[in-house]
Amino acid sequence: MSSRVLPQFDLLTPQSIPEAVAMLAQHQGQVSVLAGGTDMLVWNYIRKVKPAYLLRLSGLDDLDNVNYIPGEGLRIGAKAKVVQLLDNPDVAEKFPALFQAAETFATPQIRNMATVMGNVLRGSPAGDCSCAILALGGQVVLQGPEGERLVDIDDFWVAYGVTERKDDELAVELRIPEPTSTTRSAFIRMTRVHEDLAKLNVAVCLEINQNTCQQVRISMGCVGPILVRLKQTEKMLVGKQISDGLLQQLAASAQEEIAPIDDQRSTEEYRRQVAGVILKRVIEKAIGAH
Amino acid sequence: MRTKMITLCVNGRDHRFEAPVNRTLLQALRDDLKLTETKYGCGTGECGGCTVLMDGKDSICSCLTLAVEAEGRHITTVGGMTQDGELHPIQIAFIEEGAIQCGYCTPGMIMRTASILANNPTPSEEEIRRGLDGNLCRCTGYEKIVQAVQRASQMMDTTQIQKSGGMGQ
Ligand SMILES: Cc1cc2nc3c(=O)[nH]c(=O)nc-3n(C[C@H](O)[C@H](O)[C@H](O)COP(=O)(O)OP(=O)(O)OC[C@H]3O[C@@H](n4cnc5c(N)ncnc54)[C@H](O)[C@@H]3O)c2cc1C
Ligand code: FES
Ligand code: FES
């Protein structure tokens, strides 16, 4: 339920990244970063948060782009919107899991407003772009008073809604490594109704050579307080030929590895049941078996 | 309460006014500028009733946008689609197809349609349906709205849309 009026706050509009970091340091704990606002303003409406200051990104240049750099990978600026993933042919071709996450994400209006970075910083286990990025691997670039640091996406989420970012740091860029000619990836999500948040989402990124899996990262959402990698299940896949029998074993392993709960969008039992099925489907989707 | 002088360019006209910094674009349009054609439905980005066009192309939810964030952009509301008393082809198409019942969703639907057609002048039925994902209608059952978008696409001179870089002013 939304109150029609936002609570009172003050706005900070830094004109450079160092100025933004200085403002975050000065008002530590009292300031929230405002990107697209599709989470932040909703939380303000429902008074889930009541920051004294919102720090806008509008005055900051050079954070708008989604760039593919051959030999390095994908760079997503902190102000890049989800729609920009759909408009970029390199994302569709080289990072299908991320493209597919953007395709199912919210509504056209929200995709024009929401940033990819906001999805990662929000730290929700249901984040669709976040789920794809965890499978693809990568880093979050943070700028703080001591300069820049890179945090691996595997270590970035620490608890529900909590990330490695410190209060005086601004997230400036997402980096996703260059795929090889044998990299395949895919994303699937399940929802109650189309525009709802996921009740389960899954992404996979594999290195496949002659139907043998050489490396794999599997991420699943809505099965714990943060997005998780299914590392035991990954191990069962490495070095193996992908077959129906193996996919069955992986499905069973995924069911064991997750720790879902009952909530408003689904139940523990249901999530466990379908986790194995959607894992099989996402692997088949990635390798183009169906 | 902190306030700020804000300049918003709406339907080709600049408006300068003082507003609290927590004003949403939707409140600024409705309450400060008295342009009440843009509707409040849910306030949380889900219904599309508050959809406006930015810079002739991008549709956004004005309920989840701070007014200050819209400074320097060209905002078009459904009121700006009508020029010199002449209805826009999209408006005519909605009327002729009977795509309006209570009309509450219509301003948002028209602006979303403007965005769909500005980005893709000849959308398929599938693209229209996907394109209207973020706009809820409690009355029509959507069939006639989809037909109206198809009709508008046929009525409009597509080269003109592309040349002018979008819709509205
Ligand atoms: C109607 C609706 C539908 C939605 N559907 C989906 C969906 O299908 N899938 C999905 O995953 N999500 C969905 N969401 C949630 C939301 O749109 C996403 O999480 C979005 O990516 C958030 O990005 P934003 O730019 O709006 O972030 P904001 O709301 O501006 O910020 C989100 C969080 O990130 C922090 N933050 C943002 N940028 C930075 C930065 N540069 N440095 C430090 N902190 C930062 C903010 O402080 C805040 O805590 C939906 C939301 C709505 C309203
Ligand atoms: S009022 Fe903005 S989307 Fe419903
Ligand atoms: S005509 Fe009534 S909500 Fe669409």
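Per-structure values
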quantity: Region A:179-205, subset open to solvent by 40 Å² or more (accessible area, probe 1.4 Å) and in a loop (DSSP other than H, G, I, E, B), residue nearest to A:Gly127 (Cα to Cα); calculated: A:Leu197
quantity: Residues being surrounded by fewer than 20 Cβ atoms within 10 Å (Cβ to Cβ) and within 16 Å of ligand 1 (Cβ to nearest atom) - total across region B:90-105; calculated: 0
quantity: Output for region B:56-70, where each listed residue is open to solvent by 10 Å² or more (accessible area, probe 1.4 Å) and facing chain A (nearest Cβ under 8 Å); calculated: B:Asp58, B:Ile60, B:Thr65, B:Glu69
quantity: Given (1) touching a Ser or Thr at 6+ places or on another chain (Cβ under 6 Å); (2) modelled with pLDDT under 95, number of the condition B:Arg16 does not satisfy; calculated: (2)
quantity: Index of the failed condition, A:Met40 passing every other in (1) within 14 Å of another protein chain (Cβ to nearest Cβ); (2) over 25 Å from B:Gly41 (Cβ atoms); calculated: (2)
quantity: Flag if B:Gly141 is outside the structural domain of B:Val52 (by TED's automatic domain parsing) and open to solvent by 10 Å² or more (accessible area, probe 1.4 Å); calculated: yes
quantity: Residues that are surrounded by 17 or more Cβ atoms within 10 Å (Cβ to Cβ) and in a loop (DSSP other than H, G, I, E, B), drawn from region A:62-71; calculated: A:Leu63
quantity: Looking only at region B:5-55, and only at residues there that are basic (Lys, Arg) and buried (at least 16 other Cβ atoms within 10 Å of the Cβ), the one that is farthest from the other protein chains (Cβ to nearest Cβ); calculated: B:Lys39
quantity: Residue count, region A:72-91 (criterion: in contact (Cβ under 8 Å) with a residue 24 or more places away in the chain and either out of contact with any strand residue (DSSP E or B) (no Cβ under 7 Å at 6 or more places or on another chain) or open to solvent by less than 10 Å² (accessible area, probe 1.4 Å) (or both)); calculated: 12
quantity: Qualifying residue in region B:115-137 (condition: open to solvent by less than 20 Å² (accessible area, probe 1.4 Å), away from every other protein chain (no Cβ under 14 Å) and in a helix (DSSP H, G or I)); calculated: no
quantity: Where a residue in region B:23-44 is free of Cβ contacts under 8 Å to residues at least 40 places away in the same chain and its partner, wherever it lies, is within 16 Å of ligand 3 (Cβ to nearest atom), with Cβ under 7 Å and at least six apart; calculated: B:Leu26/B:Thr38; B:Leu26/B:Tyr40; B:Leu26/B:Cys50; B:Arg30/B:Thr38; B:Tyr40/B:Gly49; B:Tyr40/B:Cys50
quantity: Helices (runs of 4 or more DSSP H) fully within region A:206-290 counting 1 or more residues that are basic (Lys, Arg) and out of contact with any His (no Cβ under 8 Å at 6 or more places or on another chain); calculated: A:231-237, A:268-287
quantity: Positions within region A:253-290 being among the hydrophobic types (A, V, I, L, M, F, W, C) and farther than 19 Å from A:Cys205 by Cα, in sequence order; calculated: A:Ala259, A:Ile261, A:Val274
quantity: Residues of region A:86-128 satisfying the condition of being over 20 Å from B:Glu69 (Cβ atoms) and within 11 Å of ligand 1 (Cβ to nearest atom); calculated: A:Ala101, A:Ala102, A:Glu103, A:Thr104, A:Phe105, A:Val120, A:Gly123, A:Ser124, A:Pro125, A:Ala126, A:Gly127, A:Asp128
quantity: Matching option when the condition is basic (Lys, Arg) and within 11 Å of chain B (Cβ to nearest Cβ), among A:Arg75, A:Arg47, A:Arg56; calculated: A:Arg56
quantity: Identity of the residue in region A:112-121, within 14 Å of chain B (Cβ to nearest Cβ) and open to solvent by 20 Å² or more (accessible area, probe 1.4 Å), that ends up nearest to ligand 3 (Cβ to nearest atom); calculated: A:Asn112
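The values are calculated or read from the model by the stated rules, or taken from the named source; none is laboratory data. The shown structure was predicted, so the numbers you read here are calculated from the model rather than taken from an experiment. Please note: Cβ atoms are built from the backbone with ideal geometry, for glycine as well, and neighbour counts cover all protein chains shown. Ligands, DNA and RNA are stripped out before the accessible areas are found, and what is left, the full protein with its side chains, is counted by its heavy atoms. Shrake-Rupley method; radii C 1.70, N 1.55, O 1.52, S 1.80 Å.
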